[in-house]
Amino acid sequence: MELVESRDWFIICYCDHCSVKLVEQELWQREEKGLIGILPVRDAAEMTSMDSVLSQGVGSESGERSSKVQISTSDAHKVDGKSHPEVIHWHKRGVAARALHLSRGVEKPSGRVTYIVVLEGLCRFNVEELSTRGPYCTAKISSLEMTKAEMEQVEQDPDFVTLSRQFKATAMELISVLEQKQKTGGRIKVLLETLPLHKLADIFVASFEMSLEEQLSMLDSVDPKVRLSKATELVDRHLQSIRVAEKITQKVEGQLSKSQKEFLLRQQMRAIKEELGDNDDDEDDLAALERKMQSAGMPSNIWKHAQRELRRLKKMPPQQPGYNSSRVYLELLADLPWQKASEEQELDLKAAKDRLDCDHYGLSKVKQRIIEYLAVRKLKPDARGPVLCFVGPPGVGKTSLASSIAAALGRKFVRISLGGVKDEADIRGHRRTYIGSMPGRLIDGLKRVAVCNPVMLLDEIDKTGSDVRGDPASALLEVIFVATANRVQPIPPPLLDRMEVIELPGYTAEEKLRIAMQHLIPRVLDQHGLNSEYLQIPEAMVKLVIQRYTREAGVRNLERNLAALARAAAVRVAEQEQAVSVSKDVHKLASPLLDNRLAEGAEMEMEVLPMGVNNNEISTAFKISSRLVVDEAMLEKILGPPRFDDQEAADRVATPGVSVGLVWTNFGGEVQFVEATAMIGNGELHLTGQLGDVIKESAKIALTWVRARAADLKLAPAEEKNVLQGRDIHIHFPAGAVPKDGPSAGVTLVTALVSLFSQKCVRADTAMTGEMTLRGLVLPVGGIKDKILAAHRHGIKRVILPERNLKDLVEVPASVLSNLEILLAKRMEDVLEQAFDGGSPWRQHSKL
């Protein structure tokens, strides 16, 4: 906006024609130019820095002089083809300036003429009054500049001196930075030394990029101290932005120079290798990789994807971050056995059955299921087989069964352990965008075994976990495999639904004996460099190891104890050295050369070999004087005193309040003792032994039933209605470090409480299991086979079971049932009748 000199008021016009006319009349045609003013304008829609030009007036029509300026605008606001004056938001303060240069452009064919005006700012002013007259607007102004005396007084102010020094130091620092970059700092230094600081602040700030609000704030800063403070802040901000830009530029230039240096060195290295005839550079490696990919036999869709990735790799420089990950990915594709497969033998069911019998003793049900699977594959090779999951305690042969399946099919076997896996990427594989991404365990297993059709065993599938990184079990839904687990409960239901569960409950003592004699002892001797000529373990000693040193469902601890015996024998063999005597039948050596050498007293080296022994069999000539036969004394010397005793149950139940239960754990069935005692108190029940909520509820149900039937069972005199009067009951499950839970201890708890109140001991040869209701019914429980095997291992002779568990006895080996008396119970009274000598204690009157 232009403001020109007028004799009356400020004149405002709203069209380009008026603006050009004012410039022509007041500036172009007049020889003496007046002062020009700059007045900022605020637009209603957006904040812009449109400037208005003001010209100092020379007088009114009456000849009076006044400080009045004329204003015009070059903007027009049009709506529906009609021009309307737009609302102008004038700023109250502006800058007086002098026109230094005015130039007129070439007139266009439309008659439009443009002007260029160069102004020099002089001082600030304030608009006092605005009024409208016709198409123009007039205003009165007042100067805001200090007088010379006022300025001298301000310059003596200590605050102003401090601000001046601070501004000068910041400005000099900025000039030094600009001088290094643009080599134009000399002229600015001269201005800094000659001009007053309050004016220099305006000059410095005018060259910075600022918002409209910051510009208006500097314009309104009449006080020199305020102006210097704001100017110092703006100069410092500009300096910091230059430094940040320099750091970024230096960093980028450093990276570029490093890349250029590496590129130059690689080019030089390539030229040197070409001169030497050494062609093992990256291009040759990529060519070798391409040849390897071509010979891998990939499917067509995979090959197209691999080609696209290879073309992308060739265009990437080796120092690019994604180069290594792409190359590792292509190398993996080239290494996978796309077309390599195991040559399957023709399925011979008899040979497969013989192989299973040779590798495993017992497990007839499991072997039969495997033979059925092989028979189906023989009749329909392309049939989709089931997903077998072997479930059982440790050491019962789950992993070796999978290996036997692979041997029967003539395929390679690979085992993948899933214990502790919590990230599904460990199974599927990581995304290639991750640093250090690796293929999943399944792909890695295929790469290791180098065939595309192995028997893949996923071991310990129940040990996988899930967290924020995903659920590995969901990834396993996409895979066909043979799996193993110790328990079924932790396996997610969707995954369990896709598998056929085959349970391996454990071995009897007779089965363990046969396994030890046929499999474990030969393997242990071979692992320790021994044979039957060095160490003999009689069958009777193996029985003692099973009875006294191991109580487990599998045979791992049994193998460890046998290995301890083998190590002791290995020490004896290694320490004992026996000279090999020469047979008396060796003929006398007759040789003239030998006689001459002996006559001369020369030393000779001779090697004496027993007759019939060649160089390859020399090691068999050194024998120990007698074979080591393991006896009972040697067992105690090597394995220590017996850890288990058949008299344990009798010793534990020698006092009233103790009963013997049967429970199921991750390691198979176990015998669990339940102890109850009474003490002076207020009728409270105390439970210890790291118990779960279910077993705690079973204890409360058992105590309630006993209290309700106390009179019928004659556990208290008729005059005592409450057996807990003045007493507390404490029930404890020994082995407190082992967590315990489940409903199958209900009948055991009732038996212990009845024994406590009746002061009659439970039979030491009797163990029991079963859930009990509040009305005294005995409900069926699970794990019957494991529990009966555990009772048999502990020397129990009588087992009380729920009547509805009779069907589960079919799975128990006949050899075990023949050594046990199975007692069935429908109600709790039936359990008590069998648990005590002479029947239930309700026939006698007894009190605590």
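The values are calculated or read from the model by the stated rules, or taken from the named source; none is laboratory data. The structure presented is a predicted model; accordingly, all values stated were derived computationally and were not measured. Using ideal geometry, Cβ is built from the backbone for each residue, glycine included, and neighbour counts are taken over all protein chains shown. Just the protein is used for accessible areas: all its heavy atoms, side chains included, with ligands, DNA and RNA removed. Shrake-Rupley method; radii C 1.70, N 1.55, O 1.52, S 1.80 Å.
Sorted on the mean count of surrounding Cβ atoms within 10 Å across their residues, most packed first, peptides 654-661, 814-821 read 654-661, 814-821. In this structure the amide hydrogen of residue 681, modeled in the peptide plane, comes within under 5 Å of the amide hydrogens of 727, 728, none closer than 5 places in sequence on its chain. For the range 349-503, the solvent-accessible area of protein heavy atoms averages 50 Å² per residue (probe radius 1.4 Å; ligands and nucleic acids excluded). Accessible area per residue for the range 280-328 is 62 Å², calculated with a 1.4 Å probe on protein heavy atoms, without ligands, DNA or RNA. Simple point charges give the picture: +1 on the Cβ of Lys and Arg, -1 on the Cβ of Asp and Glu, and for the range 647-835 a dipole about the Cα centre of about 220 debye. Counting only protein heavy atoms and using a 1.4 Å probe, the accessible area of residue 172 comes to about 60 Å².
Remark: the range 439-456, residue by residue, has Karplus-estimated 3J(HN,Hα) of x, x, 5, 5, 5, 5, x, 5, 5, 5, 7, 6, 9, 8, 10, x, 8, 9 Hz, where x stands for each Gly or Pro and the curve is 6.51 cos²θ - 1.76 cosθ + 1.60 at θ = phi - 60°. Take the range 761-800 with all the other protein chains still there, run a 1.4 Å probe, and you get 31 Å² of accessible area per residue. Expressed as a whole percent, the accessible surface of the range 280-328 that belongs to carbon and sulfur atoms is 49, based on a 1.4 Å probe. When all protein chains stay in place and ligands, DNA and RNA are ignored, the 1.4 Å accessible-area order of 645, 459, 765, 526, largest first, is 526, 645, 765, 459. Per-residue extension of 0.36 nm, minus the Cα-Cα distance of residue 727 and residue 514, leaves a gain of 71.4 nm for this segment.
Note on the range 280-328: the alpha carbon radius of gyration divided by the globular reference 2.2 N^0.38 Å gives 1.14.
The HN-Hα couplings worked out from phi for the range 349-358 by the Karplus form 6.51 cos²θ - 1.76 cosθ + 1.60 (θ = phi - 60°) are 4, 5, 5, 5, 5, 5, 5, 5, 5, 6 Hz, whole numbers, x standing for Gly and Pro.
Residues in the range 734-750 carry Karplus couplings, in order, of x, 6, x, 7, 9, x, 9, 6, x, x, 6, 8, x, 5, 5, 5, 4 Hz; the curve used is 6.51 cos²θ - 1.76 cosθ + 1.60 with θ = phi - 60°, and Gly or Pro positions show x. Here the simple spin-label model places points 7 Å from the Cα toward Cβ, and for residue 523 and residue 331 these points are separated by 3.7 nm.
Of the accessible area of the range 148-254, computed with a 1.4 Å probe over protein heavy atoms only, carbon and sulfur atoms account for 53 percent. Extension gain, residue 106-residue 697: 0.36 nm per intervening residue step, less the Cα-Cα distance, totals 202.2 nm. In a simple Cβ point-charge model (Lys, Arg +1; Asp, Glu -1; nothing else charged), the range 280-328 has a dipole of about 420 debye relative to its Cα centre. Label positions at residue 400 and residue 246, each projected 7 Å from the Cα along the C-beta direction, are separated by 7.7 nm. Amide hydrogen proximity for residue 387: with H placed 1.01 Å from N in the peptide plane, the residues at 5 or more positions away or on another chain lying under 5 Å are 500. The residue list 329, 368, 269 was ranked by how far each Cα lies along the charge dipole of the range 257-411 toward its positive end, using unit charges on Cβ atoms, and 368 comes out on top. R0 = 45 Å: FRET efficiency of residue 636 with residue 448, Cβ-based, nearest 0.05? E between residue 636 and residue 448, to the nearest 0.05, is 0.50. Where in the range 156-172 does the label zone of residue 178 land, with the point 7 angstrom along Cα→C-beta and an amide N cut-off under 17 Å? 167-172, by backbone N distance to the label point. Dipole of the range 349-503 computed with +1 at Lys/Arg Cβ and -1 at Asp/Glu Cβ about the Cα centre; of 406, 427, 349, farthest Cα towards the positive end is 349.
Here the simple spin-label model places points 7 Å from the Cα toward Cβ, and for residue 263 and residue 302 these points are separated by 3.7 nm. Per atom type, the range 349-503 shows carbon and sulfur on 53% of its accessible surface, probed at 1.4 Å.
Over 23 Å between C-alpha atoms is what I'm after, so list which of 637/787; 199/225; 543/787; 380/447; 398/797 land there. Over 23 Å apart, Cα to Cα: 637/787; 380/447; 398/797.
Think of the range 668-789 as having a plus end and a minus end, set by charges on the Cβ of Lys, Arg, Asp and Glu; of 730, 691, 751, 751 sits farthest toward the positive end of this dipole. Given their separation in residues at 0.36 nm each and the Cα-Cα distance between them, residue 271 and residue 353 gain 22.9 nm when the chain is fully extended. For residue 119, nonlocal amide neighbours, meaning residues 5 or more places apart or on other chains whose placed amide H falls under 5 Å from its own, are 100.
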